[in-house]
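The values are calculated or read from the model by the stated rules, or taken from the named source; none is laboratory data. Since the model is a prediction, treat every value here as computed from it, not as a measurement. We place every Cβ from the backbone using ideal geometry, glycine too, and count neighbours over all the protein chains shown. These accessible areas exclude ligands, DNA and RNA; they are computed on the full protein's heavy atoms, side chains included. Shrake-Rupley method; radii C 1.70, N 1.55, O 1.52, S 1.80 Å.
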Amino acid sequence: ITMRGTMAGGRKFSHFRAHPRLKKRIELSFPTDNRRVQAVTVDIGLGGVFIATDVLLPRGTAVEISFRLPTRAEPLVFAGIVRWLNDGTNKPDDADDRPTVRGMGIAFQDVAPDALIVLSEFLATEI
């Protein structure tokens, strides 16, 4: 999957994504220095997630997110790295009239195999 868009300042970007994303709202949380932030997913896939949040961590920051899927009682915990930030002004070229979403893209890293299986099975039932 190739994504194309325009960044702040008018710079164009193109990015290849290895895994498709499911547009799905799932409540999640992640820690900051002094509190646990509640947020929601905009889209999620096996390689990462974009979350809607007003709390933007710096690009390159390691973060651990936890969320519950409707198919599982226990929360899943995924470690990742902040790879992309949207301050609410970045809009993909193909966004038409959809509003921009303030948030951050997180690439999953070192995912436990059992958590990856659970997420994979969930995504397969939703797509």
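Within the range 51-71, residues that are more than 13 Å from Thr32 (Cα to Cα) and in contact (Cβ under 8 Å) with a residue 40 or more places away in the chain have Cβ atoms under 9 Å from residues that are of a type in the set (Gly, Ala, Ser) and in a strand (DSSP E or B) in these pairs: Ile51/Ala39; Ile51/Gly103; Ile51/Gly105; Ala52/Ala39; Ala52/Gly103; Phe67/Ser29, counting only partners at least 6 apart in sequence or on another chain.
Here Leu69 does not qualify as at pLDDT 90 or above, open to solvent by 20 Å² or more (accessible area, probe 1.4 Å) and of a type outside the set (Lys, Arg). Going through (1) open to solvent by less than 30 Å² (accessible area, probe 1.4 Å); (2) at pLDDT 85 or above one by one, Asp110 falls short only on (1).
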